[in-house]
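> Starting off with a structure, shown below.
The values are calculated or read from the model by the stated rules, or taken from the named source; none is laboratory data. Since this is a predicted model, take the numbers as computed values, not measurements. A quick note on method: Cβ atoms are made from the backbone with ideal geometry, for glycine too, and the neighbour counts reach across all protein chains shown. Accessible surface is based on the protein model in full, side chains and every heavy atom, while ligands, DNA and RNA are left aside. Shrake-Rupley method; radii C 1.70, N 1.55, O 1.52, S 1.80 Å.
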Amino acid sequence: MASLTTNKNFLSPVGFQFKISSNNYPNLEYFATACTLPGFNLDSVASPYRGVNLALTGDRINFDELGLRINVTENFENYIETFNWMHNIINNKGADEDFKADATLLVLTSHNNISKEIKFNGIFPTALSALEFDTQLESVDYLQADVQFSYTNFEIS
């Protein structure tokens, strides 16, 4: 039986850290400004019975992609890290597992203590957004890029 929580504080969207292999992707990790915890769904299975389709529970969970937004550095270091990561996956077919990494989304409390760790296993980039340069902007909004990752699974602890 579930019980009502004793902590009635709400979750702050600014309290997080994103950790990924800092040896291989230090700029991607350091300049992360937003992270989207993926949604997931459990498909139901339609089972015909006496003229109607009964909904039965499915046996597969479908995960959405993990989204990360980064501030792009002036010399493109983090953009190039991701670009090269994607190219290495393509150019080294058969060694797919060598180019996967584990990542952790650390969710922080209002006192900046770690509340939850969400561990993603086997992530790899699947999309890197475009960068728009525009000389007609009235103020400087530094460029950001969105990176989408696929992964094997994630666990919350």
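> Can you tell me how many residues within the range 89-114 are without any contact (Cβ under 8 Å) to a residue 24 or more places away in the chain and not charged (D, E, K, R)?
8
> Sticking with this structure for a sec: Out of the residues in the range 118-128 that are under 14 Å from Pro38 (Cα atoms) and either in contact with a helix residue (DSSP H, G or I) (Cβ under 7 Å, 6 or more places away or on another chain) or not basic (Lys, Arg) (or both), which is surrounded by the most Cβ atoms within 10 Å (Cβ to Cβ)?
The qualifying residue surrounded by the most Cβ atoms within 10 Å (Cβ to Cβ) is Phe120.
> Could you please find all residues in the range 133-147 being open to solvent by 60 Å² or more (accessible area, probe 1.4 Å) and at pLDDT 95 or above?
Hit for the range 133-147 is Gln144, nothing else.
> Of all strands (runs of 3 or more DSSP E) completely enclosed by the range 61-149, which ones contain at least 1 residues that are of a type in the set (S, T, N, Q) and farther than 17 Å from Phe16 by Cα?
Counting at least 1 such residues, we get 114-128.
> Shifting gears a bit: Taking the conditions exactly as written (polar (S, T, N, Q) and either buried (at least 16 other Cβ atoms within 10 Å of the Cβ) or in a strand (DSSP E or B) (or both)), does Asn24 satisfy them or not? Let's see the steps before the verdict.
On the way: polar (S, T, N, Q): yes; either buried (at least 16 other Cβ atoms within 10 Å of the Cβ) or in a strand (DSSP E or B) (or both): no.
Here the answer is no, as Asn24 does not meet what is asked.
> Going through the range 66-78 one residue at a time, which ones are open to solvent by 50 Å² or more (accessible area, probe 1.4 Å) and touching a helix residue (DSSP H, G or I) at 6+ places or on another chain (Cβ under 9 Å)?
Asn71, Phe76, Glu77 - these are the residues of the range 66-78 that are open to solvent by 50 Å² or more (accessible area, probe 1.4 Å) and touching a helix residue (DSSP H, G or I) at 6+ places or on another chain (Cβ under 9 Å).
> Of the residues Phe10, Phe31, which is without any contact (Cβ under 8 Å) to a residue 60 or more places away in the chain, surrounded by 15 or more Cβ atoms within 10 Å (Cβ to Cβ) and more than 16 Å from Phe149 (Cα to Cα)?
Matching residue, one of Phe10, Phe31: Phe31.
> Could you please find all residues in the range 85-114 being open to solvent by 70 Å² or more (accessible area, probe 1.4 Å) and either of a type in the set (D, E, K, R) or more than 19 Å from Asn24 (Cα to Cα) (or both)?
Taking the range 85-114 first, the residues open to solvent by 70 Å² or more (accessible area, probe 1.4 Å) are 87, 90-91, 93-94, 97-98, 102, 110-114.
If the condition is that a residue be open to solvent by 70 Å² or more (accessible area, probe 1.4 Å) and either of a type in the set (D, E, K, R) or more than 19 Å from Asn24 (Cα to Cα) (or both), then Lys93, Gly94, Glu97, Asp98, Asp102, Ser110, His111, Asn112, Asn113, Ile114 are the ones that fit.
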